Structure formats: C-alpha cells, structure tokens
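Taking it in order: structure first as structure tokens, then the write-up.
The values are calculated or read from the model by the stated rules, or taken from the named source; none is laboratory data. These numbers come from a predicted model, not from an experiment. Glycine also receives a Cβ, built like all others from the backbone with ideal geometry; neighbour counts cover every protein chain displayed.
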Amino acid sequence: MSRTGYPLISREGWPAILGVTVLAVAVHHFAGLAWAVPLWLAVPALLFVFRDPERPIPALPLAVLSPVDGRVAAVGKGVDPYLGRDAVSIGIEMNRLGVYSTRSPVEGKVVQRWYTARAEAGVGSGRPRYGVQVRTDEGDDVVLAMVGGSRLRRPRCYVQHGERIGHGQRCGHILFGSRVEVYLPANSRVNARAGDRVTAGVSVLATLIHK
C-alpha cells in the first residue's frame with residue numbers, strides 16, 4: 001500500500017468514515033435504529049465524497065497529465081510565479097462532485113515545495129496554496145500549484161522535498177475541489193484547450209519537447 005494514498009478511499013476520508021461508523025453502531029445499540037438512520041446514511045455519503053479509484057496511467061514518459069478531475073479554465077503563456085521563468089500555464093477548475101485527490105503531472109524528483117497561507121507578492125490571491133516543483137529525469141521543471149478555498153477546502157500535500165514521485169501518483173488532496181495550476185517549460189506542446197474536461201492521471205495536458 002502506498003503511503004500517499006489508500007485503495008479506493010482517500011487517506012483524508014478514513015478518520016471521518018471510521019468515526020461516523022463507530023458512532024452509528026453505538027447509537028444503534030443504545031438508542032435504536034431510528035436514531036441511527038441518519039448516521040448510517042452518512043457512511044455511504046462519505047464513501048462517495050472520499051472515493052479515490054485507481055486510474056490507468058498512460059505509458060507516455062514525456063506527457064504532462066492532468067493532476068485533477070475538472071475543466072480546463074485557462075491556457076496561456078506568462079511568468080511562472082514560483083521559478084520566475086517564461087512558462088506555459090494551465091489552470092484547471094476541479095469538479096465539485098469529482099474525485100478530490102491530486103496527482104503528479106510528471107515523474108521525477110520533488111526539488112522544492114512551497115506553502116502560502118495568504119497572498120504574497122507574485123503568488124496567490126489570498127487563498128492558501130501548495131506549490132510543488134518536480135524535475136523530470138530529462139531535466140524539465142514542472143510546477144503544480146494546489147489552490148485552496150474556504151477552510152474546508154484547504155489543500156493537502158503528501159510529498160516532501162527530495163522525494164521521488166511517479167507519473168500520475170497521488171500527491172495531495174483538496175476537499176470539495178478548488179483550482180490547480182500547472183506551469184511548464186515555455187517550449188512545451190500543449191494539447192489541452194480551455195473548456196476541455198480532463199481526468200486526473202489520464203488526460204494529457206501537454207507534451208515536453210526534446211529533439
């Protein structure tokens with residue numbers, strides 16, 4: 001079992017699911033079924049919210065995969081706020097009823113990790129966010145930014161500096177979804193277009209170019 005996730009259910013969900021299940025059993029035993037019905041109904045609801053199915057990761061080493069389920073909101077070129085370089089940027093709005101786990105868009109080594117609790121110069125708009133820089137074996141730097149929303153939608157990041165991460169590997173979680181941004185080398189060939197529906201670990205956003 002990977003330490004970055006559990007089969008079928010996100011690691012973020014287990015405390016709530018187990019807690020509600022234990023409480024349902026106790027209420028059922030001491031107060032009867034009628035009092036326990038809302039709690040029993042909450043269990044499958046939580047299983048749905050925290051579902052985290054396996055995904056068939058495509059065997060495309062230079063592909064940049066979508067880190068989340070959602071819709072491409074913006075594709076453009078500009079300055080990477082984390083590395084200060086010219087870059088291709090892809091913004092994705094997460095599906096509020098989708099899977100809330102985030103996955104690494106590329107395989108490589110985690111070179112840097114940032115956490116911003118509030119807006120700082122050049123980064124963010126007052127919302128908490130994690131930024132993760134992954135350097136591929138070919139030397140390309142890809143940055144994944146996980147942007148939170150309300151207190152419940154605060155991003156979680158599972159990977160640390162120096163850790164190796166796989167293509168499409170679970171690397172974080174944003175409960176109830178929010179937004180992610182991916183920053184790529186400026187010469188990347190972009191496949192995604194604004195409005196595209198994408199699936200985490202499956203949809204190819206772009207391809208890293210090596211002649």
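Per-residue answers, yes or no, for (1) among the basic types (Lys, Arg); (2) modelled with pLDDT under 95; (3) outside the structural domain of Leu47 (by TED's automatic domain parsing):
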residue: Ala87; (1), (2), (3): no, no, yes
residue: Val106; (1), (2), (3): no, no, yes
residue: Val110; (1), (2), (3): no, no, yes
residue: Arg113; (1), (2), (3): yes, no, yes
residue: Thr116; (1), (2), (3): no, yes, yes
residue: Arg170; (1), (2), (3): yes, yes, yes
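The residues of segment 176-191 that are touching a strand residue (DSSP E or B) at 6+ places or on another chain (Cβ under 8 Å), in contact (Cβ under 8 Å) with a residue 60 or more places away in the chain and either assigned to a loop (DSSP other than H, G, I, E, B) or of a type in the set (A, V, I, L, M, F, W, C) (or both), listed by number, are Gly177, Ser178, Val180, Val182, Leu184, Ala186, Ser188, Val190. If you go through segment 28-53 and keep only what is crowded, with 16+ Cβ neighbours inside 10 Å and farther than 20 Å from Trp14 by Cβ, you end up with His28, Ala36. Taking the condition in contact with an Asp or Glu (Cβ under 9 Å, 6 or more places away or on another chain), in a loop (DSSP other than H, G, I, E, B) and touching a residue at least 40 places away in the same chain (Cβ under 8 Å), does Gly98 pass? Criteria met by Gly98.
Residues checked against (1) touching a Lys or Arg at 6+ places or on another chain (Cβ under 6 Å); (2) on the phi > 0 side of the Ramachandran plot:
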{"residue": "Arg127", "(1), (2)": "no, no"}
{"residue": "Arg135", "(1), (2)": "yes, no"}
{"residue": "Glu138", "(1), (2)": "no, no"}
{"residue": "Val143", "(1), (2)": "no, no"}
{"residue": "Ile165", "(1), (2)": "no, no"}
{"residue": "Arg179", "(1), (2)": "no, no"}
{"residue": "Val182", "(1), (2)": "no, no"}
{"residue": "Val190", "(1), (2)": "no, no"}
{"residue": "Gly201", "(1), (2)": "yes, yes"}
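Quick check, is His161 in a loop (DSSP other than H, G, I, E, B) and surrounded by 20 or more Cβ atoms within 10 Å (Cβ to Cβ)? Considered against the rule, which asks whether it is in a loop (DSSP other than H, G, I, E, B) and surrounded by 20 or more Cβ atoms within 10 Å (Cβ to Cβ), His161 comes out as no.
The single condition among (1) assigned by TED's automatic domain parsing to the domain that holds Thr136; (2) assigned to a helix (DSSP H, G or I) that Val68 does not meet is (2). Could we say that Pro61 is modelled with pLDDT under 95, part of a loop (DSSP other than H, G, I, E, B), of a type outside the set (Ser, Thr, Tyr) and over 19 Å from the mean Cα position of the chain (by Cα) here? The answer is yes for Pro61.
If I filter segment 77-90 for residues that are basic (Lys, Arg), surrounded by fewer than 13 Cβ atoms within 10 Å (Cβ to Cβ) and in a strand (DSSP E or B), do I get at least one hit? Yes, there is a match, as at least one residue in segment 77-90 is basic (Lys, Arg), surrounded by fewer than 13 Cβ atoms within 10 Å (Cβ to Cβ) and in a strand (DSSP E or B). Looking only at segment 202-209, decide whether some residue is in contact (Cβ under 8 Å) with a residue 12 or more places away in the chain, within 19 Å of Val111 (Cα to Cα), under 11 Å from the mean Cα position of the chain (by Cα) and in a loop (DSSP other than H, G, I, E, B). No, that holds for no residue.
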